[in-house]
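Participant: Starting off with a structure, shown below.
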Amino acid sequence: MSHPLPPARQLEGVRVLDLTNILSGPYAAFQLALLGAEVIKVERPDGGDLARKLGADPALNERLMGTSFLAQNAGKKSVTIDLKTTEGRALFRKLVASADVLIENFRPGVMDRLGLGYAELKHDNPRLIYCAVSGFGQEGPLSGNPAYDQIIQGYSGVMSVTGDAATAPLRVGYPLCDTLGGLLAAFAISSALFARESSGEGAFIDVSMLDATISAMGWAVSNYLIANVEAKPIGNQNMTAAPSGAFTAADGQINVAANKQEQFAALCRAMDLPDLLEDPRFAEREARKRHRGELNAVLNAVFLTRTAAEWEDLLNRANVPAGRILTVPQVLAHPQIAERELIQDIDGIRVARSGFRFADAQPSAACAPPELGQHNAEVFAGLGLAEAELAQLQDCGAI
């Protein structure tokens, strides 16, 4: 195993206010925390982020430390402010004056109605980068609609191309659109921080989960926009090539992607099926796509003679892309994940880092996910508030 890399700290010195809930916004702020930003999660005093109550462990949910919360809130601090109180809003504006970035994922217009929208806050802090993440964006006929990941999966067309003819439309098995929105927000914020170095000015960023998802759909969108061909759900097969998709080995399924002609030739040799190369049904890419079912039937009969692991090894040695279809526990136990040190253990809480590393550093959370309001005293004292003022704010319910 390689030596552990030190924590990445490219964003050290950047203060981020995370007003977000559930996944899209918290995931964006988590990416910034993994790069060394000081992320302060600003939560409601009466329970905080709803994700604190969500997850597979009821005891953790009861403690407001649900696994859904733990997954993307390591490395952050937590303060509590009731933004519906006059005192809370005044305190929040002091906090904004000290910040570089603010992220929120309320429905469009909520922050403006509180008097805390970008147009107001930029007077307190002209260098503020304000990122608003929402389901449909800040404008347009759908902008006021509430949206969770499943709503966007359906609206974006993702569900229409997931599954096969018998099962589509089908939801992707994890919150794809929330995650895409969060990644795009983190990218946009990093870009705005870079631009601010020369301009000295803050920015308003409008992230739409719907836009982010459609942008990421790539060929499914471009085939329609350019070639006027509508994507169809074809299950575990790849519409662009054959043989390319899931096949059945002796003990389970394996993905094989012989997308190039030379890969198909290597596959035929590795599977001892040289005659397929001379068969006019399979001789070239478009013919193989037209006769996909017949080709898959021949290949599956041979795949059944070995285990998925045996085929994975054999085909990869022949330079044919192949990989077993694993469960979440199986992939997390894989030596590849251990070698990459993707999972970070922080005080007994294990979380996945970002999917990249630098040559000399790795994104890492500096601390475990915070208890609700854990850092009130630290953060608010840093704004110059005395203990008596903090006690008064607590007594009136502002924190």
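Participant: What is the set of long-range amide H partners of ILE346 at a cut-off below 5 Å, with H atoms built 1.01 Å from backbone N?
Facilitator: VAL351
Participant: Enumerate by residue number the GluC sites (Glu not before Pro) in segment 250-300 meeting two conditions: DSSP loop (anything except H, G, I, E, B), and at most 11 other Cβ atoms within 10 Å of the site's Cβ.
Facilitator: In loop regions of segment 250-300 (DSSP not H, G, I, E or B), the sparsely surrounded GluC sites (Glu not before Pro) are GLU278, GLU284.
Participant: What's the exposure ranking of HIS291, HIS334, going from fewest to most Cβ atoms within 10 Å?
Facilitator: HIS334, HIS291
Participant: Let me ask something else about it. To the nearest 10 degrees, how steep is helix 261-270 against the longest Cα principal axis of the chain, on a 0 to 90 scale?
Facilitator: 70 degrees
Participant: Using only Cα atoms, find the angle between the long axis of helix 24-34 and the longest principal axis of the chain, and express it within 0 to 90 degrees, rounded to the nearest 10.
Facilitator: So the inclination is approximately 80 degrees.
Participant: Also, I was wondering about something else. Rounded to the nearest 500, what is the 222 nm mean residue ellipticity of the chain from helices alone, with -39500 (n - 2.57) per DSSP H run of 4+ residues and division by all residues?
Facilitator: After summing the helix terms and dividing by the residues of the chain, the value is -11000 deg cm²/dmol.
Participant: To continue, here is another question. Counting only residues 5 or more places away or on other chains, whose amide H sits under 5 Å from the amide H of ILE205 once H atoms are built in the peptide plane?
Facilitator: Under 5 Å from the amide H of ILE205: TYR130, CYS131, ALA132.
Participant: Sticking with this one: Please report, in debye to the nearest 20, how large the charge dipole of segment 244-331 is about its Cα centre when each Lys and Arg carries +1 at its beta carbon and each Asp and Glu carries -1 there.
Facilitator: Rounded to the nearest 20 debye, it is 280 debye.
Participant: Here's something else I'd like to know. Rounded, prolate or oblate: pick one for segment 162-248, where a ≥ b ≥ c are the square roots of the eigenvalues of its C-alpha gyration tensor, a/c under 1.5 means rounded, and failing that, prolate if a/b is larger than b/c, else oblate.
Facilitator: Here segment 162-248 falls in the prolate category.
Participant: For a quick check of your reading of the filter: which GluC sites (Glu not before Pro) in segment 363-399 sit in a DSSP loop and have no more than 13 other Cβ atoms within 10 Å?
Facilitator: In loop regions of segment 363-399 (DSSP not H, G, I, E or B), the sparsely surrounded GluC sites (Glu not before Pro) are GLU371.
Participant: Tally Lys and Arg at +1 and Asp and Glu at -1 over the other residues with C-beta under 14 Å from the C-beta of GLN330: what net charge comes out?
Facilitator: Cβ neighbours under 14 Å give a net charge of -1.
Participant: Right, something else. GNM, the chain, Cα, under 10 Å: largest mean-square fluctuation among ALA29, ALA352, ALA132?
Facilitator: Maximum among the listed residues: ALA352.
Participant: Report the full-extension gain for the segment ALA97 to LEU332: residue separation times 0.36 nm, less the Cα-Cα distance, to one decimal in nm.
Facilitator: This chain segment gains 80.4 nm when fully extended.
Participant: Further question: Can you work out ³J(HN,Hα) from phi for every residue in segment 120-130, in order, using Karplus 6.51 cos²θ - 1.76 cosθ + 1.60 and θ = phi - 60°, giving whole Hz and x for Gly and Pro?
Facilitator: Once rounded to whole Hz, the list reads 7, 5, 5, 6, 6, 8, x, 8, 5, 9, 10.
Participant: Also, quick follow-up: I want to check a number: in the chain, how many lysine pairs have alpha carbons closer than 21 Å, given a sequence separation of 8 or more or different chains?
Facilitator: The number of close lysine pairs in the chain is 15.
Participant: Kindly provide the GluC sites (Glu not before Pro) of segment 1-89 that DSSP labels as loop, not H, G, I, E or B, and whose Cβ sees at most 15 other Cβ atoms within 10 Å.
Facilitator: Taking segment 1-89 and a limit of 15 other Cβ atoms within 10 Å, the loop GluC sites (Glu not before Pro) found are GLU12.
Laboratory data are not the source of any read-out in this text; all were calculated from the coordinates shown. From a predicted model like this one, the values you see are computed outputs, not experimental measurements. Reconstructed Cβ throughout: ideal geometry from the backbone, glycine too, with neighbour counts over all protein chains shown.
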